[in-house]
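Taken together, the values in this text are just the output of simple stated rules run on the coordinates, not laboratory data. Keep in mind the model is a prediction, meaning the values are calculated, not measured. As a convention, Cβ positions derive from the backbone with ideal geometry for all residues, glycine included, and neighbour counts pool all protein chains shown.
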């Protein structure tokens, strides 16, 4: 039977050692120099019989038909996730208000609206209108959702008493300032599994940008104290700390990472850099202050050289996001429905309302569901690391296709040097105990 090298195999050498990585199944190993040379030269007939059997088993060597089917298999899995109805994805925005006045935040130009009793009742009916759903993946988002903690309490109690569908995943995105013991205990009681909290760098930098509205007092230490409370009261809740960075404060990440690592050395805290995305004035690209995908490898190399214990684990991604999943919704405080987090509070991006059966912007919904697929993009179809990103951000893909955008949606793993560094670092540290969680990109 005729065989060929999988299009998702990456071969490379470091010093005197040779390596093989298969992005189709995330298989990585060291190989001998002869096998490396035969694979590199496509001289498959020279391979040892036992090596051929092993490489076939690992999907490195395939028949032409099997090689062609890899992409079709990925496409099928992507579509299955897009149209599955047994899981109901809900991102709830109980308020668009925020207690912070961050200078870069897009929320400052959007109205402050909180969810009413009427909308809360409609939400229960909306959920009941999904009879095929067997579970709910729930996220609280804002604004700052804890400004509407009373509404969150009411909704969670109503979910418990009025719905037969369990909450499988329960998450919150918050600035952490209002994360009191009362909040921690209530959310823990109602199965909150994870919290994402944002910092803006070291204490000095953070306090300059993430201040309370109408009050210039710093918020940094208050937030860290609240995280202490959460970890003490509800240690089962996983805490992710997103550190906002751009080129102006890139040097802040490492000292903050080091300080927080020491503060919570016995805790499982996930600390990662979140690249601030600001558009150019024409709205077609990211501005020069942003750390882009192209800048990422240099940024992470700098951190690693300074001693940061950051391991970018390669992992397979066979689905998109809420934007292209038919049973996932972002619900705003007026009961309006969006398909992407970035669209919240933009009236032009509302696709419908929870109390109406008819869509108000079916064209936008159809575009998100059918026109942002990476499998229709020739660049993605030919990419050797496609299984690691599944095409990138649908919101930016939409803007590229329909709004003349020039946003780079590619994975950082497309940079071969970065991919190789990540694979080798992971291999070297696989047996070591990490006190801090590793970073995923």
Over the chain: Kirkwood hydrodynamic radius from C-alpha pairwise inverse distances, Å: 24.0
In degrees from 0 to 90, rounded to the nearest 10, what is the angle of the helix 117-128 Cα long axis to the longest principal axis of the chain? 40
Quick calc: nm separation of the 7 Å Cα→Cβ label points for residue 287 and residue 194 -> 3.0
Mind checking the angle between helix 220-233 and the chain's longest principal axis? C-alpha axes, 0 to 90 degrees, to the nearest 10. 80
Cα gyration tensor, the range 333-372 - rounded (a/c under 1.5), prolate or oblate: oblate
Over the range 1-99, what is the relative contact order in whole percent, taking alpha-carbon pairs under 8 Å and six or more residues apart? 27
Enter the Cα centre distance for the pair the range 11-78 and the range 238-312, rounded to the nearest angstrom. 33
Relative contact order as a percentage, the range 69-441, C-alpha pairs under 8 Å and 6+ apart, gives 19
Quick check: Cα centre of the range 93-160 to Cα centre of the range 332-388, how many Å? 19
Helix 253-263 vs. the chain, principal-axis angle (Cα, 0 to 90°, nearest 10): 70
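For an R0 of 45 angstrom, estimate the FRET efficiency from the Cβ-Cβ distance between residue 258 and residue 379 and round to the nearest 0.05.
So the FRET efficiency works out to roughly 0.70.
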Where the Cα atoms of the range 27-117 are projected onto their three principal axes, how long is each span, largest first, in whole Å? 71, 35, 17
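Among DSSP beta bridges whose residues both lie in the chain, state the antiparallel percentage, nearest 5.
So the antiparallel bridges amount to about 40 percent of the total.
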Over all distinct Cα pairs, what is the inverse of the mean 1/r for the range 109-163, reported as the Kirkwood hydrodynamic radius in Å? 12.5
Compare the peptides 81-94, 331-344 by average per-residue count of other Cβ atoms within 10 angstrom and give them in order, highest first. 331-344, 81-94
To check my understanding: the extent here is largest minus smallest coordinate of the Cα atoms along each principal axis. What are those three numbers for the range 1-62, in Å, largest first? 35, 24, 18
Evaluate E = 1/(1 + (r/R0)^6) for residue 30 and residue 4, where r is the Cβ-Cβ distance and R0 equals 22 Å; express this FRET efficiency to the nearest 0.05. 0.45
What is the distance, in nm, between label points placed 7 Å from the Cα along the Cα-to-Cβ direction at residue 236 and at residue 404? 5.4
At 7 Å along Cα-to-Cβ for each site, give me the label-to-label distance between residue 79 and residue 135 in nm. 2.6
Rg and Dmax in Å for the range 196-326, alpha carbons only: what are they? 16.6, 47
